[in-house]
Each structure stands twice: as C-alpha cells, then as structure tokens.
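Bear in mind these aren't lab numbers, they're just calculated from the coordinates by the rules spelled out. Because the structure is a prediction, the values reported are computed rather than measured. Here the Cβ positions follow ideal geometry from the backbone for every residue, glycine too, while neighbour counts run over all protein chains shown.
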Amino acid sequence: MIYKIISTEELAPKTKMFEVLAPDIAAKAKPGQFLIVIISVKGERIPLTICDYNREKGTVSFAFHEVGKTTKELGQMQAGDTLENVTGPLGNPSEIKNFGKILCIGGGVFIAPLLLQVKAMKQTGNKVTTILGARIKEELFMEEKAKTLSDKIYTASDDGSIGYKGLDFLKEILKTEKFDHCVVMGPVVMMKEVSEITKPYGIPTIVTTTPIMMDGMGMCGVCRVTVGGKMLFGCVDGPEFDGHQVDFEELVQRQRLFLPEERVASLMWEKNIGGCRCDRKKA
Amino acid sequence: MTERKPKPKIKKEEVKMPKQDPKVRVKNFNEVALGYTEEQALEEAARCLQCVKPQCVDGCPVEVPIPEFIKCIKEKKYAEGIITIKSKNALPAVCGRVCPQEEQCQVKCVLGKIGDPVSIGRLERYLADWERDHGFQIPEKAPPTGKKVAVVGAGPAGLTAAADLIQLGHKVTMYEALHLPGGVLIYGIPEFRLPKAIVRNEVAYIEKLGVELRVGNLVGRIHTIPELLKTDTNAVFIGSGAGLPRFMGVEGENLGGIYSANEFLIRNNLMKSFDFPEYDTPVRIGKHVVVIGGGNVAMDCARSSMRLGAEVCLLYRRSRDELPARQEEIENAEEEGLVCKFLAAPLKFNGDEKGWVKSMECIAMELGPPDESGRRRPIPMKGSEFTMETDTVIIAIGQTPNPIIQRTTTGLEVNLKRGTILVDENGKTSIQGVYAGGDVVTGAATVISAMGAGKTAAKAMHKFLSEKK
Ligand SMILES: Cc1cc2nc3c(=O)[nH]c(=O)nc-3n(C[C@H](O)[C@H](O)[C@H](O)COP(=O)(O)OP(=O)(O)OC[C@H]3O[C@@H](n4cnc5c(N)ncnc54)[C@H](O)[C@@H]3O)c2cc1C
Ligand SMILES: Cc1cc2nc3c(=O)[nH]c(=O)nc-3n(C[C@H](O)[C@H](O)[C@H](O)COP(=O)(O)OP(=O)(O)OC[C@H]3O[C@@H](n4cnc5c(N)ncnc54)[C@H](O)[C@@H]3O)c2cc1C
Ligand code: SF4
Ligand code: SF4
Ligand code: FES
C-alpha cells in the first residue's frame, strides 16, 4: 500500500492540511474518527483526526499543527511524497442526528475536523451555531467555509485580536439562547472551559479527547482517560466523551508524560536538518 | 551379582547451549541463547534413541516428526531435515526458541527417565537457522482452486493458517491491524529472546508462498467480516489474538510511569524505543522498576527493564512454586539480577506533584485452598500493609481478546465473560465459513498452540471450500 500525499494546503502558520491517497480508509471514514500516521520506517505512530474524505477519489484529509518532531517533519513533506503507513479509520464516529439546535466549537487546528462534523450535523437538519477559536488572529482559518455551513458563527481569540476575547461571551449567549447539544474539539483547556460553561445549563457536551496514543486500537492502554470515575480507553471507547464527566486534569497530566523526551527528539531533529526552520514561515 | 550384557552407552547429560554472559547480556538486546554449533548439534542428535513409538511427538501440539528430523541431523542431511519439520510446522525458527519444550515435546522424551531429555527445541532451532543461512526452499503448491480466503491477524495462528491454505491452492489475503506482521512475535516477545530478523524471515517465507499481506488494516473498521463474506471471500480465519491489557482497578493506576505490559513491550519491540531517539518513540524507565505479575510476559518486561538500566523487583501475589513463567526464563532473569517479592499485591499508587508514580502501598498475602485454576488462592493478610518506593510500574497480569471483531460480527458466538470466540473442535465458529483459533479462542496461551489451532482450522476450511461449489 502506498500512502501518497495528493495535495497540501497551509491553513495558518505551522498548520497544514494534507490530502492522502488511501481508498480503503476513504470508503469507510466518518466524522469524528481518526487516523494513525507513521511518516517513516523509524517513525512513531501519531493520531490525527480525519477532517475530510472523498470516496470517489479515494482520499482522506487531516490537518495538523507542528508541535514536535513528527509533526514538524511531516510539515516538510510535499505533494507526491509518501507516508510509511496510515491506519484507520479508528475510534467511534460522532453521533450525527437531528438534535435540534446545536453549538459546534472548534479551537486551533481542530477547526478543520470540526467543520466536517458541522457539515454532517447541518445535513441531518440541525440548526448550527459555530464558534471558531484561535490563539491569535493569524491562526484563525476556514472562517468563510464555516459561514456557509452554519446558521450562525462567532469567532474568538485568546488575545482578542479577532472576534471576542476568550470564551466569556459564551456565558452571555447561553443566558438568552437555548441549545440542545454541544460538540467541542480543540485544546484540552478549551474543552474543559466550555464543558464548565455548559454544565449549569444542562447542555449535553461532547468533547474529543486527545490522550497520548500508540496503537490506537485498544492494545496498550496508554490512552486511558477517566470518565465518570471509570477508566476508559480513548482510542476504542472514544475519542469522544461526555465533557461533563471527563477528568481533564488527569488528561492534561497524562499528555505531558513524555515531554522531556519529546523535546530531545525535536531539538535533535532540528539540529540534524540544519537549524530550526521556524523562520521559513512568519509565526 | 551377575554381569549383564553391556547396553549401548547413552549420554545422560544434554549438550548445553552457549549463552551470552549474564553481566554482558543485561546491557544489550542481542539474543541471549547463541545456538548450537554443528558439532554440538551432532553430539546432541546422537543421544536420540530413534524410538519406534516416539513419546516426544505426542507432546508436540503440531506433531512435528521428531525422530525423523533428528535422524536427518545425524546423517547431516540438513535440507531434508528442515523439510521434514516444515511439513508440520511453518515457523520452526520461532518454535525452536520460544516453545515451552520442557512441558511439551521434551517432557515426554524417554531419555528424561534416566537423565536429560533430548534438546528437541535446540535441534529444531539448529535446522531452522541452517536454512536461513542456506536459502529457503519454496514447496510446491496445489493447483488454484479459485476459492478466496481472508485471514484476520498475522500472528502465529494466522500465519500458519495462511501458509497451509495457500499450499492447498486457495487465494489468501491476510489483514493485519498493526503496521508490521508477526503478532506477539513482533510486538511482544523481546529481541533478546526472539530476534525480529527471524520473525521477518518467517513472514517473508509466507509472502513468498504467495499470501497477500495488508498491514495497517483493522478488520471491523475497514471491512467487517460479514462484508468480506458478501464480496468474493469464501471463508475467513480469525486469529486476532488476545491483545487487550488488563488493569487492576486500584487507586492511582493512571499516574505517569505506570505501563501496561503491552504498552511497555510495544514501545520497546515494535517501535524500538530502546533505540530512542534514533527511533521516534520514547520510553521512560526509572531506577526502581516494579513488575507486577509472574508469567512469561512479566519476565520479558523485567528483563527488558534491566537492559534499559533499571533495578527490577518482581511482585507476585503467590509464592515461587506457583510462578507460571517458564523455569528457564526465571533462571535467566535471576542470573541477570532480578529480585522477586512473593506473596504481595498492590493496593494503591502514590504520585509526586507532577503526577508521576513515586511509591506503592502493598499488602502481604498468604496461600489458602486451591482456586478454580488449581493453584492456591492468595488471601490478603490483615494489618500487613507496607510501602515500596518505585518510579516505574509495569502491570503484567494478563490480556484478554480485543473486542473489535466480536462487536462488529453479528451472529458470532462468544464467551461473554472471557471475551473469547466459541468454536468446535475444528475451529468452526457459529457462522458458516468463519473459523477462528489461537489466543482469541483460548485466551493467552502459547505460540505453538496458536499454530496448532491455525493448522486444524486450515484443514477444516479446506474441506469446507472443497465441498462448496
Ligand atoms: C484522537 C486524537 C486526534 C488528534 N487529532 C489531531 C489533529 O487532527 N491535528 C493535530 O494537529 N493534532 C491532533 N492530535 C494530537 C497529535 O496526535 C499530536 O500533536 C502529535 O502526536 C504530536 O506529535 P509530535 O511528535 O509532533 O509532537 P510530540 O513531540 O509528541 O509532542 C509535542 C507536544 O505536543 C503534546 N502532545 C503530544 N501528544 C499529544 C496528544 N495526543 N494530544 C495533544 N498534545 C499532545 C506534547 O505534550 C508536547 O507538548 C490528536 C490526538 C489524538 C489522540
Ligand atoms: C510478552 C509475551 C511473551 C510470550 N512468550 C511466549 C513464549 O515464550 N512461548 C510461547 O509459546 N508463547 C509465548 N507467548 C504467548 C504467545 O505469543 C501467544 O500465545 C501467541 O502469539 C498467540 O498467537 P495468535 O496468532 O493467536 O495471536 P497474536 O500473536 O496476538 O496475533 C494476533 C494478531 O492479530 C492482529 N489483530 C487483532 N485484531 C485485528 C483485527 N481486528 N484486524 C486485523 N488484525 C488484527 C494483532 O495486531 C496481532 O498482530 C508470549 C506472549 C507475550 C505477550
Ligand atoms: S514445535 Fe515446539 S513442541 Fe513441537 S517439537 Fe518443536 S519445540 Fe517441540
Ligand atoms: S522420545 Fe526422545 S529419544 Fe525417543 S525419539 Fe523422541 S526425542 Fe528421540
Ligand atoms: S492507543 Fe493503545 S490502547 Fe488506545
């Protein structure tokens, strides 16, 4: 099997979307599922959420943010290059049905997969309010696409350089508007915050957890998350869980388990390729 | 006393296999047991009595023609010898290394009554290694039958079923969820007991027979078994193993530094994290590792940890007599510096401010009457709680079958409690044309029993396919 990169797109600084040839996966992919990508023979297995698929062309797409060794190296690859392996679709698909009026919230790179869900939710008849969040203005992307897919959209950033500053405005919205369902995909801190905001209003809130994973098919247990006091595996029981039940603190702690090693890998890689390439793109 | 007719003299002692020195090997991941030289193999083969009714064969789950292949060694007909073994066993280089021979073929050998049994496994390994050095022979295949078979899982059960079915003329596609084939042989058993080059070789042999291998293909997520049967696939063999790790359910189990045996072994073997950062996947091992459990998996974790530079203590809730690991492995591990703490079990893990494990609270056990497994049941002793310092814990208390296939195959009968697939004596499941074998049927067992199950099922599948128009 050859997993060829068909096209690449820069969504924001250090954030890219790749379309990859993988007909078997494309035939079965559904919103909410993820892939495990291996970029080279000695590479690690990294989970990335499916953000689009084309069953006719036999392609799947994923978006990634360059944070460590593997995603940085992936960022250097171009259309025509091949990946060592892509496994998927993994994890349970999102529950897509007519809930009524729903809130879809995406942060950072997860805006891309969120919009796949927004599209499906809209098609099943939901009235969709979408919130796009980013750290800074330059990192917000796909705003136009979100507008065409949703009934209403809001934008927000950490520093207020675009849209609302922070997520406090959501509290105001909820005081006047009623929602039947909420989905959040983004950094853990953001999912935690949204879950806390929706809880008093009793809005069922589904978050996409991103624990460290390895096999992604239930064999190792590194992805364990505590949900409602129970130990579950992110890859096979999730990755989506009830945000009001997830132990976010533990999740953050477990995500950082290999931080020192990841730093070493990243620094060594940068040294080997002749210095940091951050300067290539304005960040 | 009257002088009796002198019997032919039998050497009572086996020829030992050379091993790496413990002090040296504990610092590397190279194979511990180095294999016989030709002289040693000939000397050991000479001990075999060539019994007319060989007991040893009864002890082998796949009935390797043991006296016949040993005779070939005696006559230095090595090529013939390996063909003799391969008539029954497609993975001799693996079995010769990891079969628990002392409780299978060798325990039955008549020589065991007067001294050491013949070292059948070592001789099997000798021939398999000889073949690797001299090139594989590809056996003749039956003419194509036009029938198509899917094999789920490229572990020993799946590899064996695939090898047999393709030689019978069927078209075989093997689906493997991980990115490398081999099952436990590649991701579980460490390099120093079973070099991965050997597993790759055995898989290459099966590919050379013409089996189409699709890796990174999780059956149940891409194709389900009912879907496969709706297309041009006539029969399916499920050999998906027992890869789901078990945890203990005690407080603090999600702290950093607490690995399941599978996580630890997959990192090291499949992802080669012992060679980080050359390979991208890291593993963090502290100074004081506690391995919980007492089986072969626990020994592999302990011995791998020592090689990564840690001091290792094995914590087992029963006593030494009940240790389920192979005697040879326990001895190897102790030579390498393993410390064992028997009759104790963990109650709780405590973490530091960063969420990393720093100690564990345990309780001592005493042995009560035997439980359903026939071993004496451990009973906690009130007031015997104690604390152990540790910075890495590996939980090796068993695995159960991965439930994905069972959940996505309607009509497949399973044992709900154990998660295993139910089959008849031929490996046939509750679904027409679907067979299963290996750990997914028995729960965690052995390489050779998984292979035996693959063989049995292949035979039954061939019959099924032949009768089918
Ligand atoms: C189900 C799932 C879906 C995901 N989908 C996406 C996606 O669509 N796009 C995307 O960019 N990323 C996604 N991630 C996160 C992605 O897998 C990690 O960013 C990636 O593994 C980092 O690899 P690296 O070697 O580049 O960085 P590393 O060197 O491994 O890590 C660098 C930094 O990233 C953090 N990190 C490591 N692993 C994770 C993780 N699993 N989640 C969050 N932070 C992590 C580390 O703490 C560290 O600070 C997903 C994770 C999961 C579990
Ligand atoms: C650490 C360790 C040490 C051991 N040591 C010994 C030993 O010394 N001697 C001995 O005899 N036995 C040993 N065993 C046991 C032995 O390895 C197993 O009994 C044997 O491998 C079982 O073979 P199997 O083919 O049934 O399953 P496995 O070897 O588990 O192979 C199953 C394969 O199926 C794949 N799979 C699972 N689900 C799917 C799916 N849905 N789609 C596609 N593929 C799938 C898995 O990825 C895996 O590759 C050991 C086991 C472990 C874990
Ligand atoms: S396959 Fe295993 S049990 Fe059978 S003869 Fe060989 S070593 Fe003995
Ligand atoms: S029982 Fe022992 S001596 Fe007899 S044939 Fe088998 S290996 Fe040889
Ligand atoms: S990633 Fe290994 S069990 Fe989930």
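Figures for the structure shown
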read-out: Farthest positive-ward along the protein assembly as shown dipole, Cα basis, beta-carbon charges - from B:170, B:453, B:401; value: B:170
read-out: Cα centroid of the stretch B:82-109 to Cα centroid of the stretch B:223-285, whole Å; value: 27
read-out: Relative contact order (%) - criterion: Cα under 8 Å, at least six apart; region: the stretch A:94-208; value: 28
read-out: Shielding by other protein chains, B:261-271, mean Cβ within 10 Å; value: 4
read-out: Aspartates and glutamates with Cα under 12 Å of residue B:459, excluding same-chain neighbours fewer than 8 positions away; value: B:164, B:425
read-out: The stretch A:81-193: C-alpha gyration tensor shape, a/c 1.5 cut-off, then a/b vs b/c; value: oblate
read-out: Mean Cβ neighbour count within 10 Å, used as a protection proxy, ranking B:79-91, A:54-66, B:292-304 highest first; value: B:292-304, B:79-91, A:54-66
read-out: Out-of-range pairs (alpha-carbon distance over 20 Å; input A:101/A:175; A:28/A:230; A:16/A:152; A:28/A:97; A:69/A:271); value: A:28/A:230; A:16/A:152
read-out: Test item: Cα-centred dipole of the stretch A:59-183, Lys/Arg +1 and Asp/Glu -1 on Cβ, debye; value: 540
read-out: Of B:299, B:363, B:314, farthest towards positive along the dipole that unit charges on Lys, Arg, Asp, Glu beta carbons give the stretch B:247-397; value: B:363
read-out: Karplus (6.51, -1.76, 1.60) ³J(HN,Hα), θ = phi - 60°, over the stretch A:175-191, in Hz, Gly and Pro reported as x; value: 5, 10, 10, 9, 10, 8, 6, 9, 10, 10, 10, x, x, 4, 4, 5, 5
read-out: Shielding by partners, peptide A:40-46 (average Cβ within 10 angstrom, other chains); value: 5
read-out: Protection-proxy order for peptides A:171-183, A:230-242, A:144-156, each taking the mean of Cβ atoms within 10 Å per residue, highest first; value: A:230-242, A:144-156, A:171-183
read-out: 10 Å Cβ neighbours from other chains, averaged over peptide B:210-222; value: 4
read-out: Highest to lowest packing among B:410-417, B:450-457, scored as the average C-beta count within 10 Å; value: B:450-457, B:410-417
read-out: Nitroxide proxy distance, nm - points 7 Å out along Cα→Cβ at residue A:9 and residue B:467; value: 5.6
read-out: Among the listed pairs B:27/B:196; B:272/B:358; A:42/B:358, those beyond 29 Å (Cα-Cα); value: A:42/B:358
read-out: 19 Å Cα-Cα threshold exceeded, pairs from B:148/B:455; A:30/A:57; B:171/B:455; A:30/A:178; value: A:30/A:178
read-out: Sequence of A:158, A:52, B:58 once ranked by neighbouring C-beta atoms within 10 Å, starting from the fewest; value: B:58, A:158, A:52
read-out: Distance from the stretch B:345-383 to the stretch A:68-108 (C-alpha centre basis), Å; value: 41
read-out: Chain A shape via C-alpha gyration tensor axes, a/c threshold 1.5; value: rounded
read-out: Theoretical ellipticity at 222 nm over chain A - DSSP helices of four or more residues, -39500 (n - 2.57) apiece, nearest 500; value: -8000 deg cm²/dmol
